[in-house]
Amino acid sequence: MLLLLRVLMLLLLSGGSAKVVQNFEIECGSFFANRKSPKGFNDSQYRQICQSQNNVFYYATFYDTNKKIPMYSAYKFEGLKNCTRLNAWYIEPQLDDNNAPPNMKLEKDVKIQGLGDYQALNGNYEKSGYDRGHLAPVFQAQSQSCADTTFTLTNAAPQNPYFNRGQWRVLERNIAKNLSDQCLPNKYSVYIVTGVVPGTKNISNKVNVKVPSHFWTAYCCLDNNNKCQISGGFIGVNENITPKDKSVKDLETE
C-alpha cells in the first residue's frame, strides 16, 4: 500500500481501444497534471496503456500483467456529461500479442493464441461473486466515446458488488458534483487518478486475478499557473463500507 500511495502526489502534481506504449508522457501525457506520470514501477510485468477508440486517446492506465488488474487509471474531469453505459466489456489484444493492432476489441472478436495469459477475461468474473469495478468511471467521463472506452477489463478490478453499486458509486457521483461546483467554475483543469491496493487472494481458486484489498482515488485542480489549488482523496476497504475522506498527504501517510 505504501508504494502505491507514495506515487499519488507525483500523479497529481505531474499531470478506448488501447495502445501499449513505452512512455505515458510522450504518447498521452495530457491525462497527467503537468504531463508527468509517476515513477517507481520498473518491473517487467507493468504495461503503460493509452486507452483509445478509433485512434483517439481518452485516459491512461497502468496495468499489472501478473496480477491481471490495473494499478491505476488517470484521466481528466470536464463536467457531468450524462453518459450511458455499455453492456459489453473490451479487452486489449496487445497485452497477449505484441503484434496486435492498438485498439481494444470485444473478446469474441480476438483470435490469438495465449489469450488471457497477461490480462483478465470476462469468464474470470463469471460466478466469482465480484463485479468488474471501473477505475476510470462512466460518471466522470468527458464524453460518450470516453465512457464507452472505460468498458475495458484493463480498467477494471474485482470489486465487492455491494461496494461497487453502493458506497463507491455514491463517492464517484459526489466527487464529480463537488469538482463541478468548486473547480470548473474557476476554469481549473481537473486531474483524477483512481487505483487499487492489490490484496493477497485471487478471484477464484483456478484463476490468477488478484482481488484488491482497497480502492482509492485522488484529485487535483490546477490553475492557469499549473499549481494545485484544490486537492483531496479517499480510500476504502473493498467492502460496502464508506471510504475515508483524506487529504492527499494523509492518504500518502496511510
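What is the residue count in segment 123-145 for residues that are in a helix (DSSP H, G or I), open to solvent by 10 Å² or more (accessible area, probe 1.4 Å) and not hydroxyl-bearing (Ser, Thr, Tyr)?
Looking only at that region, the number is 5.
Suppose we filter segment 189-212 for residues that are among the polar types (S, T, N, Q) and part of a loop (DSSP other than H, G, I, E, B); how many remain? Before you say what the answer is, go through the steps one by one.
Our first condition is that a residue be among the polar types (S, T, N, Q); within segment 189-212, this holds for 189, 194, 200, 202, 204-205, 208.
Remaining after also requiring part of a loop (DSSP other than H, G, I, E, B): 205.
Residues in segment 189-212 being among the polar types (S, T, N, Q) and part of a loop (DSSP other than H, G, I, E, B): 1 in total.
In segment 12-41, which residues are within 17 Å of Cys228 (Cα to Cα), open to solvent by less than 10 Å² (accessible area, probe 1.4 Å) and at pLDDT below 70?
Hits for segment 12-41 are Leu12, Ser14, Gly15.
For segment 65-114, give me the residue count where each residue is among the acidic types (Asp, Glu), more than 16 Å from the chain's Cα centre (by Cα) and part of a loop (DSSP other than H, G, I, E, B).
Qualifying residue count for the region: 2.
Collect the residues in segment 213-250 that are among the hydrophobic types (A, V, I, L, M, F, W, C), outside any strand (DSSP E or B) and farther than 19 Å from Ala176 by Cβ, keeping them in residue-number order.
Ile241
Going by the conditions given, is Leu251 over 19 Å from the mean Cα position of the chain (by Cα) and buried (at least 19 other Cβ atoms within 10 Å of the Cβ)?
No, not satisfied.
The values are calculated or read from the model by the stated rules, or taken from the named source; none is laboratory data. Note that the coordinates shown come from a computational prediction; the quantities given were computed from them, not determined experimentally. Glycine gets a Cβ as well: all are built from the backbone with ideal geometry, and neighbour counts include every protein chain shown. Accessible surface areas use protein heavy atoms only, side chains included; no ligands, DNA or RNA. Shrake-Rupley method; radii C 1.70, N 1.55, O 1.52, S 1.80 Å.
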